[in-house]
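Here's the structure, in structure tokens; my notes come after.
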Amino acid sequence: MTAAEKPASGYIAKVYGRRQDKPLKPRQERLMQDLLPRVAMPDPEAGAVDPGKIFPQSEEIELEIGFGGGEHLAFQAALKPARGFIGAEPFVNGVAKLLVRIEEEKLENVRIHFGDARPLMEALPDASLVRLYVLHPDPWPKKRHFKRRMISPWFFAEAARLVKKGGELRVASDVPDYVRWALMHAQNAPAFEWTAMRAADWREPPEDWPKTRYEAKGRAHGRPPAYLRFLRK
């Protein structure tokens, strides 16, 4: 593992598959070395993580699990500069892309967990989030790999612990089987209520939703996403 592949905290997540795709560009390499240590979340393996110490000026924290290239996370952070944003991503290229956005857009309210989101979730305190995102997670389509899916009974139990009452969980996917999977597990999560009242509520994105290249590519290939919103009761 190169220096660019190693999380700034030293924590290495259990990640299935590759951790890196294309080689990083020189600017991305520089940001992985210089900027990532400054915006990295504390190592969850070292104990409980207090977001109040990381974002002392904000009591409203949002967490995005698997932020990909960081387009959505950067958009939300710029839209709500008074809130703190945490992004968890185990893949090098995605982290490097978000670092570029943080530098270009001067986003002071973003912190990165370079690794598996599960240990981070377990290390965060109760009712510490106002919003939680799981957007286009790896669908792991083979049945023998279903246990690797992020959406699970464990996930909904942790989400219920972390999201404040009145807060929101958002799940998006362009894989119909994964959408059904998420709704199936949501039915067994009494702490959350699906907010959809009509088909347009899950076929159309929320108002504060940016257009991303991933979704544009999916739509071009006939894969419109479903946008699931759950309210913490």
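Judged by the mean number of other Cβ atoms found within 10 Å, the most tightly packed of the peptides 182-189, 169-176 leads the ranking 169-176, 182-189. Taken one residue at a time, the phi angles of the range 59-66 give Karplus couplings (6.51, -1.76, 1.60, θ = phi - 60°) of 9, 10, 10, 10, 10, 10, 9, x Hz. Gly and Pro are set to x. Rg and Dmax, both from the Cα atoms of the chain and both in Å, are 16.9, 49.
Charges at C-beta only: +1 for Lys and Arg, -1 for Asp and Glu. How large is the resulting dipole of the range 26-232 about its Cα centre, in Debye rounded to 20? Intermediate results must be reported in sequence, preceding the final value.
Values: 32 positive and 29 negative charges, 155 e Å.
Using only the charged Cβ atoms, the result is roughly 740 debye.
Helix screen, the chain: DSSP H segments with Cα axial length of 18 Å or more and mean Kyte-Doolittle hydropathy at least -1.0 are 92-105.
For the ranges 28-35, 140-147, what's the packing order if you count other beta-carbon atoms within 10 Å of each residue, average per peptide, and put the highest first?
Numbers: 28-35: 17.0, 140-147: 10.4.
The peptides rank, most packed first, as 28-35, 140-147.
Taking Glu103, Glu59, Glu207 in turn, the Gaussian network model of the chain (Cα-Cα springs below 10 Å) assigns the largest fluctuation to Glu207.
Do you know the relative contact order of the range 141-210, to the nearest whole percent, from alpha carbon pairs under 8 angstrom that are 6+ apart? Result for the range 141-210 is 31 percent.
Calculated mean residue ellipticity at 222 nm for the chain: -9500 deg cm²/dmol, from DSSP H runs with n ≥ 4 weighted as -39500 (n - 2.57), summed, divided by the residue count and rounded to 500. Between the range 119-153 and the range 49-96, the C-alpha centres lie 16 angstrom from each other.
Rule-based calculations on the coordinates, nothing more; no lab input. Keep in mind it's a predicted model, so treat the numbers as computed, not measured. Counting neighbours? That spans all protein chains shown, and the Cβs are built from the backbone with ideal geometry, glycine included.
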